[in-house]
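Accompanying notes for the structure given below.
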Amino acid sequence: MRAYPHPPADRSSAAATPSAGAWKPVPGPAAGTVLERASVSMIGPTTGVQLHGADLRVPLSQLDVDVLRSLLDTHKLLVFRDQRLDTSQYVAFCRNFGSLISFPSVLPNHPTTPGVHLVHNRDRTPEPDDAGSWHLDASSLVTAPDYSELRAVQVPPVGGDTVFSNLVDCYRRLSPAVKESIEDLYTTHMARRRPIDRQNYPAVVRSLVQEHPRTGERHLYVCFMLDPVVVGWDRSSSADLVRVLLAEATRPECQVRLSWSAGDVALWDNRVLLHYGVRDYGDSPRELERVLVTARPQDFVEELI
């Protein structure tokens, strides 16, 4: 694997300094692995790398998976360019990172492949409003996804990008006073399009500040699409805090933008990256396949919610 380029010479300011290790070359896998001929380049200073030359139709070795997990831990988002996968090959790749989660969604299910949701505007049907808002994928599930994956089947000639916001960077930018005030808070993660049936659709609350299980990094965990409410706070105070956090999470300094090409596969850490589907492509066709996985040791997870 060829390492990404050296960093710019001036990286002295604290605000611009990448995460620890972000500029270190990645050790090359042994000869014969899928990533042997891949080149890696950075998308943003702390978030996102893209890989060229890796053929994901070939099964990954354990060394390949370990290298990709290391890249994910550091950069949160991996984009594999120039892929020629079909749906079954895509699912096989996704399974390297955990168990597929199957659940009822506002997105239609793939007609033959459980666990794959279709993000599209076929027949000029608009995508769900959820696409055009800052969100984590399916954080309202009891088994929330650790990783999200998208495969670009068809993309518009211009537009249709996806923007990501790094919640590790966002947390680091908060003032000490704000960090202290939110340390022990919980927020709701409740899907909006559900019947009120608490037996089958329980309310889910999660810590607002979490520690990543693999990296130890502290980060925010909040899904703005779901109109979060701070547990135990009145709605006015809760809304004020959510506005502050949204303003911080959507600062350009915390963001990277992914422009899709047909065949691209994106894999990201859903625990620490918000994303936003930019709906600026009119009625041009746009179709992606989404897979969500949990790192729990199960073959397949079916959620009622």
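The values are calculated or read from the model by the stated rules, or taken from the named source; none is laboratory data. Quick caveat: nothing in here was measured; it's all calculated off a predicted structure. Don't worry about glycine lacking a Cβ; one is built from the backbone with ideal geometry, like all the others, and counts go over all protein chains shown. Quick note on the areas: whole protein, heavy atoms, side chains included, nothing else; ligands and nucleic acids left out. Shrake-Rupley method; radii C 1.70, N 1.55, O 1.52, S 1.80 Å.
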Could you please find all residues in the stretch 176-204 being at pLDDT 95 or above and open to solvent by 50 Å² or more (accessible area, probe 1.4 Å)? Pro176, Ala177, Lys179, Glu180, Ser181, Glu183, Asp184, Tyr186
With modelled with pLDDT under 85, closer than 17 Å to Arg151 by Cα and open to solvent by 10 Å² or more (accessible area, probe 1.4 Å) as the only criterion, which of Pro18, Pro104, Pro29, Pro114 stands out? Pro114
Scan the strands (runs of 3 or more DSSP E) fully inside the stretch 241-305 and keep the ones with 3 or more residues being charged (D, E, K, R) and either surrounded by 15 or more Cβ atoms within 10 Å (Cβ to Cβ) or modelled with pLDDT of 95 or more (or both). 287-294
Looking only at the stretch 92-101, count how many residues are hydrophobic (A, V, I, L, M, F, W, C) and open to solvent by 10 Å² or more (accessible area, probe 1.4 Å). 1
